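The values are calculated or read from the model by the stated rules, or taken from the named source; none is laboratory data. This one's a predicted model, so the numbers in the text were calculated from it and none came from an experiment. Cβ sites come from the backbone with ideal geometry, for glycine too, and all protein chains shown count toward neighbours. Remember, those area values only see protein heavy atoms, side chains included, never the ligands or the DNA or RNA. Shrake-Rupley method; radii C 1.70, N 1.55, O 1.52, S 1.80 Å.
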Amino acid sequence: FCDYWLNLRNINLTEPDENIYPEYSGLVSESMVDETRAYFAEMIRENLGVMNVVDSDFAMVNQRLAELYEIPGVQGSHIQKVSLPADSVRGGLITQGSILKLTANGTTTSPVVRGTYALEHLFGDPPPPPPASVPAIEPDVTGASTVREQLEKHRAAEECASCHAKIDPPGFALESFDVMGQWRDQYRVSIERGQKGVDLSFGGKPVQYKMGAGVDSAGVLPNGTTFSDIHGFRDALETYEE
């Protein structure tokens, strides 16, 4: 059911760029799918409320995912239920690696893609298709401009503004997660030959990226409620009124 509802069957259609996201592996991808299936099964088994789609005080992870999510104290390759602290950015379906990877292209993230996915698959309120005359927004992999800056210009068009008022908030709230679901405060930017990147290595191989602009995950819901991050977004949904 989850494979079709959430498109988990497409988890491997794209893979994170190994130069920018060397932490990614096939085991990570497989564990992400197992996490989502186990989490949904737990929701059914325990008859949990619908708000567990966006927030919960537990996660279903194994050691590899726990390392990716920076959740301490998890050992073993089997998926297990672990408690989350009150200030955790994890919990719910919306911040799981499978969802975040499915809504990224392997190199960059897009608030439009993630927002549309959340509305369609999680909130049951899909936006209408974009006007044929409006070009798609392509993220700038060089880091010269942010997708938020591009969206501000895009939303200035009257035919775009009303839809983006719905699409952008969940997309912006999820901008603090990269293409494989890791938390980030800054974007990773690809480098060209000869440029100096960050002084790190993974698996004995130097990484090939540099740190770009800081992430801005603030937004405004259609009813005017503002939020500054994923915590504020979740809180706003719990009390949301049209």
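Values computed for the structure shown
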item	result
Percentage relative contact order, the chain, counting C-alpha pairs under 8 Å, at least six apart	19 percent
Helical mean residue ellipticity (222 nm; -39500 (n - 2.57) per DSSP H run of 4+; nearest 500) of the chain	-9500 deg cm²/dmol
At R0 = 45 Å, FRET efficiency that the Cβ-Cβ distance of residue 19 and residue 238 yields, to 0.05	0.70
Whole-angstrom gap from region 3-28 to region 208-242, using each part's C-alpha centre	24 Å
Violating pairs (Cα-Cα greater than 26 angstrom) within the set 81/101; 81/210; 166/210; 81/205	81/210; 166/210; 81/205
Accessible area in square angstrom per residue, region 1-114, 1.4 angstrom probe	46 Å²
P(r) weight above 28 Å for the chain, C-alpha pairs, percent	32 percent
Amide proton proximity set for residue 188, modelled H, under 5 Å, gap of 5+	212
Span-rule helices in the chain, defined as complete DSSP H runs reaching 15 Å or more along the axis (Cα) with Kyte mean at least -0.5	26-45, 158-173
Residues of region 1-26 with amide N under 14 Å of the 7 Å Cα→Cβ point at residue 44	1-6
Pairwise FRET efficiency - residue 213 versus residue 4, Cβ, R0 = 35 Å, nearest 0.05	0.45
Carbon + sulfur, % of accessible area of the chain - ligands and nucleic acids excluded, 1.4 Å	50 percent
